[in-house]
Amino acid sequence: MSTGTRALELLGLLQNRRHWPSPELARRLGVSRRTLRRDIDSLQELGYPITATRGTGGGYQLSPGASLPPLVVSEDEAAAIVMGLQEITSGPFPASADAALSAMAKIVQVLPVRIRRRIDSLRAVAVPARNPEARAGGADVASLTTLALACRDAETVEFAYRTRTGGTAARTVCPHHVVRVDSRLYLLAWDLDRAGWRTFRVDRVGDVSRTGTTFARRPLPDDDPVAYVRARIRATPTRYLVRATVQAPAGRVRKEIAHYGTVEPLDDTSCRVEIPTDSLDWATFCIGAIEAPVVIHGPPEAVAYMRAWGRRLTDGTRRPPLDDLRGPGS
């Protein structure tokens, strides 16, 4: 293995784990500890923020840097890369989202604080996503990457969690997975205060800090973390249960509703739809996107809300008077 190839592999190993004991890292690279030390020195001279610890259990770790590592990218480009990766984490392909989150965590952990803040400020003025729920599910870069790295290193974290009612609760958890479900990111974790598995919406997590305390990983409550989180979401009480009858086959409607609700066939050409939600906007969007006649049964708030939507759209598509088309001074 050439020196350059070994340096790249060394960087990859340092990014994949919080701390590497010297003997284990040298063994993984197939070199002596003296050669490892020389490789570390060379990377430090290039500007990579690698710290060394001495004594029993001593080793190396990649720390947040005071300057960008020597990549051929500017600060603007680094911000664009991270924002793009974060957008992918809420995309339609779970495998891509997992890879994007892993890549983002590796990059952000060596970015200076000023660039992390810049990325969050850019996100605040970014163009809204086509899917309103996807934008609502975003999280700040610092919180997301801290959670991802804590999951990787099996390290407990503390954070402030904004509840559905708007209050804030302090939580201490053993984080296991960050998963994407229906365009939102969720943390699956063992809650130390409640002694049980909990799921947390990442966009409601703030002030995340790693405690430095590691934990032994517990067996997950389900072999599929995404399936478990989705089941917990469905079991959570929502503010509204929107009910409707759609004059279309259940199979077709089920594909369009996806995981946002349940669809039960009434006959070959109609079905019953139920959408549990806290957002009447989103339920209206789901039902309105179905190209078929529909009857909304309830609740009353949903009926009134959708009627108002329909009235606004109808008013907005009426032909304007001729004077409005001519404009002033015509």
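The values are calculated or read from the model by the stated rules, or taken from the named source; none is laboratory data. A quick note: this is a predicted structure, and the numbers were derived from the prediction, not measured. Because the Cβ atoms are built from the backbone with ideal geometry, glycine has one as well, and the counts that use them run over all protein chains shown. What goes into the accessible areas is simple: the full protein's heavy atoms, side chains included, and nothing from ligands, DNA or RNA. Shrake-Rupley method; radii C 1.70, N 1.55, O 1.52, S 1.80 Å.
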message: Taking the conditions exactly as written (β-branched (Val, Ile, Thr), out of contact with any Ser or Thr (no Cβ under 6 Å at 6 or more places or on another chain) and modelled with pLDDT under 90), does Thr262 satisfy them or not?
response: yes
task: Collect the residues in the stretch 1-31 that are open to solvent by 50 Å² or more (accessible area, probe 1.4 Å) and of a type in the set (Ser, Thr, Tyr), keeping them in residue-number order.
output: Ser2, Thr3, Thr5
- prompt: Restricting attention to the stretch 267-287, which residues are open to solvent by 20 Å² or more (accessible area, probe 1.4 Å) and touching a strand residue (DSSP E or B) at 6+ places or on another chain (Cβ under 6 Å)?
  reply: Arg272, Glu274, Pro276
- request: Would you check if there is a residue in the stretch 17-30 being part of a loop (DSSP other than H, G, I, E, B), in contact (Cβ under 8 Å) with a residue 40 or more places away in the chain and out of contact with any strand residue (DSSP E or B) (no Cβ under 7 Å at 6 or more places or on another chain)?
  value: yes
- request: Could you check, for the stretch 221-235, whether at least one of its residues is touching a Phe, Trp or Tyr at 6+ places or on another chain (Cβ under 7 Å), more than 27 Å from Ala103 (Cβ to Cβ) and not in a strand (DSSP E or B)?
  value: yes
- request: Looking at (1) within 21 Å of Leu185 (Cα to Cα); (2) without any contact (Cβ under 8 Å) to a residue 40 or more places away in the chain; (3) among the aliphatic types (A, V, I, L, M), find the lone condition where Val253 falls short.
  value: (1)
Residue list for the stretch 211-249, filter: open to solvent by 50 Å² or more (accessible area, probe 1.4 Å), at pLDDT 90 or above and under 19 Å from Phe159 (Cβ atoms): Thr211, Thr213, Thr214
field: Of all residues making up the stretch 37-49, the number that are under 36 Å from the mean Cα position of the chain (by Cα) and assigned to a helix (DSSP H, G or I)
entry: 8
task: Consider Arg135 carefully, then state whether it is part of a helix (DSSP H, G or I), open to solvent by 60 Å² or more (accessible area, probe 1.4 Å) and modelled with pLDDT of 80 or more.
output: no
- line: By residue number, the members of the stretch 246-279 that are farther than 22 Å from Val181 by Cα and either of a type in the set (A, V, I, L, M) or part of a helix (DSSP H, G or I) (or both) are Val246, Ala248, Ala250, Leu266
- prompt: Exactly one of (1) open to solvent by 60 Å² or more (accessible area, probe 1.4 Å); (2) of a type in the set (A, V, I, L, M); (3) touching a residue at least 60 places away in the same chain (Cβ under 8 Å) is unmet by Ala302. Its number?
  reply: (1)
field: Restricting the stretch 49-64 to residues that are in contact with a Pro (Cβ under 9 Å, 6 or more places away or on another chain) and under 19 Å from Arg210 (Cβ atoms), the residue that is most open to solvent (accessible area, probe 1.4 Å)
entry: Pro64
